[in-house]
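First comes the structure, then the notes that go with it.
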Amino acid sequence: MAEESRSNRLNGLIWPATAKSDEETGELSIGGLKASELIKEYGTPAFILDESDFRARAKTFRDATHKFFGEDAEVYYASKAFTSVATCKWLAADGVNLDVCTGGELAVALAANFPPNRIEVHGNNKSVAEIEEAIQVGVRFIVADSLIELDRINSIAGRLGKKQAILLRLTPGISAHTHESIATAHEDVKFGFSIASGAAMLAAVTAIKREHLILEGVHCHIGSQIFDDAGFILAIERLIRFIAEVKKTHSVELHHLDFGGGFGIAYTDLDDPMDIHLVLQKIHEALVAQCEKNEISMPTIAIEPGRAIAGPAMVTLYEVGTVKDVVLEDGKTRTYISVDGGMSDNIRPSLYGAEYSALLANRISTAPPTPSRVVGKHCETGDIVIRDIALPSDIVPGDVLAIPATGAYGRSMASNYNHILRPPVIAVSDGVAKTIIRREKISDLLALEEG
Ligand SMILES: Cc1ncc(COP(=O)(O)O)c(C=O)c1O
């Protein structure tokens, strides 16, 4: 209790639920562990994952999905946001299914003994080997993305003496209001079959005719970091109309509808994400109305959140290495704060212009804030972690910066650019920390060298 009263809870939209900043010392703690303890044990940079927060967010999606769409509705966590054997085990235990989009993501799931019949396989260019393995282990769905793939899945299933349940990935022609690289369901994209052009109907007819395919339903994913329910509702309208059209013209009822992920999260205090219950309620209302209007029965519903589960549950801890003031053209000064990671552990600012916030995590500072830029250690001008932020003017080498909401598409998109070692992921819970992905070593890099 005394501990509680001395600590400020941080904005729960951006920070993990257990993150606190000590009022007297200014030190950050997550999962009951101080930043200094974590750094002493695991070094920097490091991803700190709040286990209870990750699991609570996953269960919130599971429960809300059941509440609005019934007990047979399913949540498929999108592995691409972040995956590991440990998180797959948590999801398996917590009744959340898994979406994978490569053989590598499938391998992690299988290493965690994730039940294959709760895995769905995505991807616009699945290899023969990937499809073969998916069918062999018995995944729930393969989401087909092209006519070539329909034939490929059909012939592999035939060769293995199986029938494979599939969904068709459809593009409903919607421009989600998000960055171009993460919008996925307008017409001019590499994903799926366009409804408007007739490609989707051709795919449905093709799939129905293939002996070793069981066409169970349709899928779409309209984009990521979505802050507005309008795109989801329009997608539902178009998908239901498509299902009705297939029923009318081919007497086949597609009984499964997966409307993907994309639920936006807060990265800074300015972001105002949608309340998940409210969005699902609105989507449910739209679904009921559309099913009635098109005279079809309500399909089984699935969703695929990734970012909204992993994103806010993780924080990156960096150590400050150098600090320098740069005089700008207008005579003002900007402080460049260099940390010991950067674009190799978080490509999102360079790739999408993504914004983040930061906290001085090892001590309190009463110094006035000054215009700052947090940059990485890579040989790239674009290696920026936070482009514009006001940080205390007394930050010095050895200080620790914590960047919240780095759980999604941070570690999973990490690279070895400049031969930097990828950081570990440390799960914390109730005062206990455990490594779920270890830090890379120089020997890991050199192990690939055959020259
Ligand atoms: C098919 C599919 N499903 C789910 C997701 C997860 O999206 P998010 O992490 O924004 O929820 C993605 C992300 O790209 C996707 O492509």
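Per-residue answers, yes or no, for (1) of a type in the set (Asp, Glu); (2) over 28 Å from LYS441 (Cβ atoms); (3) surrounded by fewer than 23 Cβ atoms within 10 Å (Cβ to Cβ):
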residue: PHE54; (1), (2), (3): no, no, no
residue: TYR76; (1), (2), (3): no, yes, no
residue: ALA109; (1), (2), (3): no, no, no
residue: SER127; (1), (2), (3): no, yes, yes
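Flag: VAL252 matches the condition of being modelled with pLDDT of 95 or more and part of a loop (DSSP other than H, G, I, E, B).
The residues on offer are VAL218, VAL279, and the sole one that is touching a residue at least 24 places away in the same chain (Cβ under 8 Å), within 16 Å of the ligand (Cβ to nearest atom), touching a Phe, Trp or Tyr at 6+ places or on another chain (Cβ under 9 Å) and part of a strand (DSSP E or B) is VAL218. Within the stretch 294-308, restricting attention to residues that are more than 8 Å from the ligand (Cβ to nearest atom) and outside any strand (DSSP E or B), the residue that is nearest to VAL121 (Cα to Cα) is PRO299. Of all the listed residues (THR83, THR87), the sole one being crowded, with 24+ Cβ neighbours inside 10 Å and in a helix (DSSP H, G or I) is THR87. Selection of the stretch 134-149 for residues being more than 21 Å from VAL75 (Cα to Cα) and surrounded by fewer than 17 Cβ atoms within 10 Å (Cβ to Cβ) yields GLN136, LEU147, ILE148.
Of the residues making up the stretch 425-451, those that are of a type outside the set (D, E, K, R) and either under 30 Å from SER52 (Cα atoms) or touching an Asp or Glu at 6+ places or on another chain (Cβ under 9 Å) (or both) number 11. Out of TRP90, TRP15, one residue alone is touching a Pro at 6+ places or on another chain (Cβ under 7 Å), farther than 24 Å from LEU167 by Cα and not aliphatic (A, V, I, L, M). It is TRP15. Look at (1) closer than 20 Å to HIS221 by Cβ; (2) away from the ligand (no atom under 12 Å from the Cβ) and you find that THR87 fails only one, number (1). Restricted to the stretch 238-273, and to residues there that are away from the ligand (no atom under 12 Å from the Cβ) and under 16 Å from the mean Cα position of the chain (by Cα), the residue that is surrounded by the fewest Cβ atoms within 10 Å (Cβ to Cβ) is ALA266. Do we have any residue at all in the stretch 97-105 that's in contact (Cβ under 8 Å) with a residue 40 or more places away in the chain, part of a strand (DSSP E or B) and of a type in the set (S, T, N, Q)? Within the stretch 97-105, one or more residues are in contact (Cβ under 8 Å) with a residue 40 or more places away in the chain, part of a strand (DSSP E or B) and of a type in the set (S, T, N, Q). For the stretch 422-437, which positions are assigned to a loop (DSSP other than H, G, I, E, B) and surrounded by fewer than 17 Cβ atoms within 10 Å (Cβ to Cβ)? Result: ASP430, GLY431. In this entry, LEU257 is excluded by the filter for residues that are touching a Phe, Trp or Tyr at 6+ places or on another chain (Cβ under 8 Å) and over 30 Å from GLY382 (Cα atoms).
Per this entry, ILE395 is not counted among residues that are of a type outside the set (S, T, N, Q) and under 26 Å from the mean Cα position of the chain (by Cα). When ALA235 is tested against the conditions (1) within 14 Å of the ligand (Cβ to nearest atom); (2) more than 18 Å from the chain's Cα centre (by Cα); (3) modelled with pLDDT of 95 or more, the lone failure is (3). As a summary of the residue check, SER21 satisfies the conditions (1) over 22 Å from ILE303 (Cβ atoms); (2) assigned to a loop (DSSP other than H, G, I, E, B); (3) of a type in the set (Gly, Ala, Ser) except for the one numbered (2).
Going by what's in this entry, would GLY407 be described as at positive phi and modelled with pLDDT of 95 or more? No. Exactly one residue among VAL128, VAL137 is in contact with a Pro (Cβ under 8 Å, 6 or more places away or on another chain), free of Cβ contacts under 8 Å to residues at least 60 places away in the same chain and in the same structural domain as HIS221 (by TED's automatic domain parsing), and that residue is VAL137.
The values are calculated or read from the model by the stated rules, or taken from the named source; none is laboratory data. Keep in mind that what you see is a predicted model, and the values were worked out from it rather than measured. So basically every Cβ, Gly included, is an ideal-geometry build from the backbone, and we count neighbours across all protein chains shown.
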